[in-house]
Amino acid sequence: MRPARLRAVIRKEVIQIRRDPWSLGMAFAIPMLLLLLFGWVLTLDVNNLETVVYDQDRSQRSRDLLERFEASHYFHVRTRALGWGEVERALDSGRAQVGLVIPRNFARDLERGLVVPIQAMVDGSDSNTATIALAYIETITARYSAQVALQIAGSSGPPPAAVDARLRVWFNPDLESKDFVVPGLVAVIMTVIGGLLSSLTLAREWERGTMEQLIATPIRVSELIVGKLAPYVGIGMLDVLLAVAGGTLIFGVPLRGSFWLLLGFSLLFLLGAVGLGLLISARSRTQLMASQLAMVATLLPSFMLSGFASPIENMPQALQIVSYAVPARYFVTALKGIFLKGIGLRMLWPEALFLAGFAAVVIALTMQAFHKRLD
Amino acid sequence: MCSSPCSQTPTLRSPTVPPERGAQAAVRVEDLERHFGNFVAVDRISFEVAPGEIFGFLGPNGSGKSTTIRILTGLLLPTGGRGWVAGHDIWTENPAIKRVIGYMSQRFSLYEDLTVGQNLDFYGGIYGVPKSLQAERKRWALGMAGLTGREGHLTRDLAAGWRQRLALASAVLHEPRILFLDEPTSGVDPISRRAFWDLIHAMARKGVTVFVTTHYMDEAEYCQRLALLHQGRIAALGTPDELRRTRLDTRLLEVTVDRPVEALDRLGREPGVREVALFGTTLHASVTDAAAAVPRVRAALEGAGLRVERIEAIAPTLEDVFVSLIESESTNRAPRVEA
């Protein structure tokens, strides 16, 4: 490779990207839009559910239980109903998503050591929210009943042999979904940039006829490919910086591990992602064909099979096997590890190895696939 | 039927070209062929181009001009035959060929979203013009293309004539020994075409071999030697003068008549008239003996009720040569659909 030729290609690409509003938009505006959009939309947490309460007992105990609901920021007890009808209306009209009914004699039956049912109604029209709400309700009541059992037992005889499970969630103690959505998003955004943007570049030269002139020169395939790879990897790295800044500053995602390791992984991943885009481009003669192929080959797998949106363990066996070939999977693992666990290369070397290998193979294939001929 | 059209053409060599040059030729081609599926784009052609020569490939669209030039520049592999460019084998020495040639493709193919200067910088870099020479070569190229002072203009804003000259300038930044130009002046106005040919002649005077394709007959006259291409074969090869003299051993009559289409039909059946073709509003008829033919032609046309304004013996143009060659060929061969 001759540095002068390589430099000429890189400089030309940069000028073309800078002069094309479309490329610039794709390179910087769309990634930021994706980050903000998904960062907010994919936040799976449920807060301040409007709750209607029908407390038939009105005792110290029932108030005690309701206070626990309020104390968690998950429920916002707004309406205190005086009858069933009011509970129903609140749920029907959508003013409340959760209804709680505490039966008469709640306190008395508890004192007697009976199992006392309370009724919870959840608006199931949003099944995701409903499931999460039910889980919260169960947790709150379970804790409460354990405490009550302890109190009662403590006042009259030996404590019951209950197992006191104390859960501690690691890495994401508040179980904030944005904390694991944002690192995954970085991977998806990198794939979009790497795959889509670069898939257009060789195809565009074929389409416009500039390739015929270019391949009649002594330029080497390696100089052309590396010269096209470098600017897009550079853009990708800028996007990584933007996404990390956005993720930590806007969404407050912690970056516990090494920033430099994060950049290193991004570089490895981008080499493969941009390489794949170029490989597609080398095999396409039109931009339309290239972008469609790139969509299917890069965006979809990185979205569906990387473990970004849903855990890989929950997928069917066949898809799990396929996911091993998706580089975004390894990148997502590395990003989550660095962001949330603060782990280093000692744990992540298999991911690094795969990403490096993938990049090397894809770039080698691209140079094989590109011919300095018209047919 | 003759298997090779070259063999039926008298061997025409420019006196400046010695008969046996071997590897010394700028371009040498033997039995070159190229098929696209069932279509034979180039049909076993052979020719040589001498160093410093302006060699023209003349023929209609689809006659195999571009395919030949693309094979010689290494953009296409031939299906069969052999060829050398600057002594390098077209089958095996592609990179070496690309270092010593300049190429201008048929379609304008510089970067329209780059400025004039940026395009020149890019090709200067790609061709490996030494850094110490780059500024000077660029200045020279701008001057040659008449674009001095327009360095910062976007290429897409240039008129067609300027673009062609910029494309030529980009193709010769590295001072190639052989220049391949594929229809360099298509879509360019006549004055710019003239200016462009001045550049080509200037290049040739400096010793550059110029291999150019065109379908403009008038441009063919600017070439030192010509190959007339028809349906992938070389129908004739020689200097413009030789082609005119040797091919047309006959004389040519220009006939001006009130209803030329009817006259065409009538003269086609007249004995003593070998070929007849429509040229605008006049007819060109080739005859063996002009003096004897003039009264006969006049009598035949007037006998058919046509009003003859003028009959004049003229020197044949290359277009006449071309038409006559193609007509004599199509009478020898079953008609083929033009691709």
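The values are calculated or read from the model by the stated rules, or taken from the named source; none is laboratory data. If you're wondering where the values come from, they're calculated on a predicted model, not measured in any experiment. Heads up, the Cβs are rebuilt from the backbone with ideal geometry, glycines too, and the neighbour counts pull from every protein chain shown. For accessibility, only protein heavy atoms count, side chains too; no ligands or nucleic acids. Shrake-Rupley method; radii C 1.70, N 1.55, O 1.52, S 1.80 Å.
Points to keep in mind about this one:
- Computed helical MRE - 222 nm, chain B, DSSP H runs ≥ 4 contributing -39500 (n - 2.57), nearest 500: -10000 deg cm²/dmol
- Once C-alpha pairs closer than 8 Å and six or more residues apart are averaged by separation and normalised to the residue number of region B:162-215, the relative contact order reads 50 percent.
- Over the Cα atoms of region A:49-153, the radius of gyration divided by the Kirkwood radius equals 0.96; this is the Rg/Rh ratio.
- The 3J(HN,Hα) values that the Karplus relation (6.51, -1.76, 1.60; θ = phi - 60°) gives for region A:135-146 are, in residue order, 4, 5, 4, 4, 4, 5, 5, 4, 4, 5, 5, 4 Hz. Gly and Pro appear as x.
- Alpha carbon convex hull of region A:18-65, volume per residue in cubic angstrom: 80
- Accessible area of B:MET144 (1.4 Å probe, protein heavy atoms only, ligands and nucleic acids ignored): about 30 Å².
- Sorting A:TYR144, B:TYR216 by solvent-accessible area of protein heavy atoms yields B:TYR216, A:TYR144, largest first, with a 1.4 Å probe.
- Extension gain for A:MET1 to A:ASP126 (0.36 nm times residue separation, less C-alpha to C-alpha distance): 39.1 nm.
- With both labels modelled 7 Å from their Cα along Cα-to-Cβ, the A:ALA142 to B:THR79 distance reads 7.7 nm.
- Rule-of-thumb Rg ratio for region B:61-144 [Cα; 2.2 N^0.38 Å; N residues]: 1.31
- Accessible surface ranking that places the most exposed of A:TYR330, B:TYR222, A:TYR324, B:TYR123 first, with a 1.4 angstrom probe: A:TYR324, B:TYR222, A:TYR330, B:TYR123
- Simple Cβ-charge dipole of the protein assembly as shown, Lys/Arg +1 and Asp/Glu -1, about Cα centre, in debye nearest 20: 1580
- In sequence order, calculated HN-Hα J values of region B:256-273 (Karplus, 6.51, -1.76, 1.60; Hz; x Gly/Pro): 10, 9, 6, 10, x, 5, 5, 5, 4, 5, 5, 6, x, 9, 7, x, x, 9
- Between B:ALA292 and B:SER46, the FRET efficiency estimated from the beta carbon spacing at R0 = 30 angstrom works out to 0.15.
- Nearest-0.05 FRET efficiency for A:SER93 and A:ARG19, computed from C-beta distance (R0 41 Å): 0.15
- The Stokes-Einstein estimate for region B:227-315, based on a Kirkwood radius over Cα pairs and taken at 37 °C with 0.692 mPa s viscosity, is a diffusion coefficient of 237 µm²/s.
- The B:GLN24 and A:GLN292 beta-carbon pair, evaluated with R₀ = 56 Å, returns a calculated FRET efficiency of approximately 0.60.
- Rounded to whole Hz, the Karplus (6.51, -1.76, 1.60) HN-Hα couplings of region A:333-350, x for glycine and proline: 4, 5, 5, 4, x, 6, 5, 9, 9, x, 8, x, 5, 4, 8, 9, 4, x
- Nearest-10 value in Å² for the accessible area of A:MET121, using the 1.4 Å probe: 50
- Antiparallel bridges, percent of DSSP beta bridges restricted to the protein assembly as shown (to nearest 5): 60
- Here the gap between B:GLU112 and B:ILE314, fully extended at 0.36 nm per residue and compared with their Cα-Cα distance, gives a gain of 68.1 nm.
- For the protein assembly as shown, the alpha carbon convex hull comes to 240 Å³ per residue, rounded to a whole number.
- Area accessible to solvent at B:SER286, 1.4 Å probe radius, in Å²: 10
- When DSSP beta bridges are restricted to pairs lying wholly in region A:49-153, around 30% turn out antiparallel.
- Magnitude of the charge dipole for region A:49-153, about its Cα centre and with charges confined to Cβ atoms of Lys, Arg (+1) and Asp, Glu (-1), is about 320 debye.
- Computed [θ] at 222 nm, helices only, for chain A once each DSSP H run of length n ≥ 4 contributes -39500 (n - 2.57): -19500 deg cm²/dmol
- Between the Cα long axis of helix B:160-171 and the first principal axis of chain B there is an angle of about 60°, rounded to the nearest 10.
- With the cut-off at under 15 Å, measuring from each backbone N in region A:43-79 to a point 7 Å along the Cα-to-Cβ line of A:GLU111 picks out A:57-63.
- Once both labels are positioned 7 Å from their Cα atoms along Cα-to-Cβ, the gap between B:ALA304 and A:ARG80 label points is 11.5 nm.
- Rg and Dmax over the alpha-carbon atoms of chain A stand at 28.4, 96 Å.
- Of all accessible heavy-atom area on the protein assembly as shown, the percent that carbon and sulfur account for (1.4 Å): 58
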